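Data first, discussion second: the structure below is written as structure tokens.
Every read-out reported here was derived from the displayed coordinates using simple, explicitly stated rules and does not represent laboratory data. Keep in mind the model is a prediction, meaning the values are calculated, not measured. Note that we place each Cβ from the backbone using ideal geometry, even for glycine, and neighbour counts take in every protein chain shown.
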Amino acid sequence: MSISVAVHLLSGKRAFVEVEADELVESLKHRAQSALVAGRGRLLHSSGEVLDGTKTITEAKLKSGDMLSLHVSQVQLTATRQGGMFPGLAFAALLGDRSVVAWGAPDFGGDCSAVQGQLKNVQQIQASGRASAAILANGSVVTWGSADFGGDSRAVQEQLRDVQQIQACFGAFAAILGDGSVVTWGHDAYGGDSRAVQEQLRDVQQIQACFGAFAAIRSDGSVVTWGDADRGGDSSEVQDQLRDVQQIQASCGAFAAIRFHLPVETDPTEVCNLSGLGGEKAEFSAVRWAPLDEAVAGVWEAKAPAYRYLQERAQSIIQSFLSKDA
């Protein structure tokens, strides 16, 4: 017995695909990809559930008329590398079906066979100098490669839950969890040990990494750094200036932060750049900063009589209804 289901792409393109009840979901996906002329991806039920390709159509409880969607993903590629006396190079690719393929020098993460069975439904991969880390759909993390460079995360595995983002420097990894806390692992000298600043790593929004250190932006705009002090891991000399930080960029051995700070006494002409309809220069000589309540109270003062009239009319109507109810 065969069934017919509709498969959509996010673009809106649609195809109807027929499949036998005893065939695998993987066969259905391949036919949908061919019919839609699309790359590899994940097949999702209308409920949002990712369909298991190893199940039959019957086991997946699919029936004629079901609406499915094919989520096609671009391939993500990362590389590990170390030069000098110990040259090495390895790659890891995140495929459209959310699996991972690795190749290159085994000691640099080119061999992921030991964890291949765990690399399913991968959402993101990141690489340090000699190891790789993958975030799975359930928020857990799988690592491989050189243990000293973050390839072994067993010491923090129980903490790696609900991981939202991973950042890597040359020798370590840092993961932001759903609650805004941070977990690190890898080479201590490169930021794998964040115990000295662990209590400060709360409400973290973003992490940036240079060669041997990390910098985290918190929700209040402050910054926490750790790792190699000579490569930006020690920001104590500028800590008082690291306020209202919006973004951080990193070079090989240093960080730069973009702040947003607008004191109340700032001259509006220095931050406003408006012009008239004809392109004429705007006049700001009478412009000043004002408290929000005061500014709102003064909006469209010229139309205040009309507003007051409407307010009076509304009050009279309300009073009329109240008097009838009484």
Dipole check, region 76-259, charges on Cβ (K,R +1; D,E -1), about Cα centroid: among Phe91, Val156, Gly233 the Cα furthest to the positive pole belongs to Phe91
Multiply the residue gap between Glu59 and Arg154 by 0.36 nm, knock off their C-alpha separation, and tell me the result in nm, one decimal place. 30.7 nm
Could you order peptides 6-14, 123-131 by the average number of other Cβ atoms within 10 Å of their residues, highest first? 123-131, 6-14
Assuming R0 = 35 Å, what is the FRET efficiency of Ser27 and Arg202, from their Cβ-Cβ distance, to the nearest 0.05? 0.15
Two pseudo-spin positions, 7 Å from Cα along C-beta at Leu44 and at Gln164, lie apart in nanometres by 1.9
I want to check the label-to-label distance for Gln116 and His71. Put each point 7 Å from Cα in the C-beta direction and report it in nm to one decimal. 2.5
Cβ-defined net charge surrounding Val7, 10 Å radius [Lys, Arg +1; Asp, Glu -1]: +3
Past 24 Å, Cα to Cα: identify those pairs from Lys13/Lys55; Lys63/Lys120; Lys29/Lys61, in the order given. Lys13/Lys55; Lys63/Lys120
Distance (nanometres) between label positions extended 7 Å along Cα→Cβ at Val37 and Arg195: 6.0
What net charge is computed for the residues neighbouring Gly96, neighbours being all others with C-beta under 11 Å from the C-beta of Gly96, Lys and Arg scored +1, Asp and Glu -1? +3
Sorted by average packing, counted as other Cβ atoms within 10 angstrom per residue and highest first, what order do 229-237, 107-115, 45-53 take? 107-115, 229-237, 45-53
Which residues' amide hydrogens lie under 5 Å from the amide hydrogen of Trp185, considering only partners 5 or more residues apart or on another chain, with H built in the peptide plane? Phe173
Give the distance, in whole Å, between the Cα centre of region 106-178 and the Cα centre of region 27-64. 28
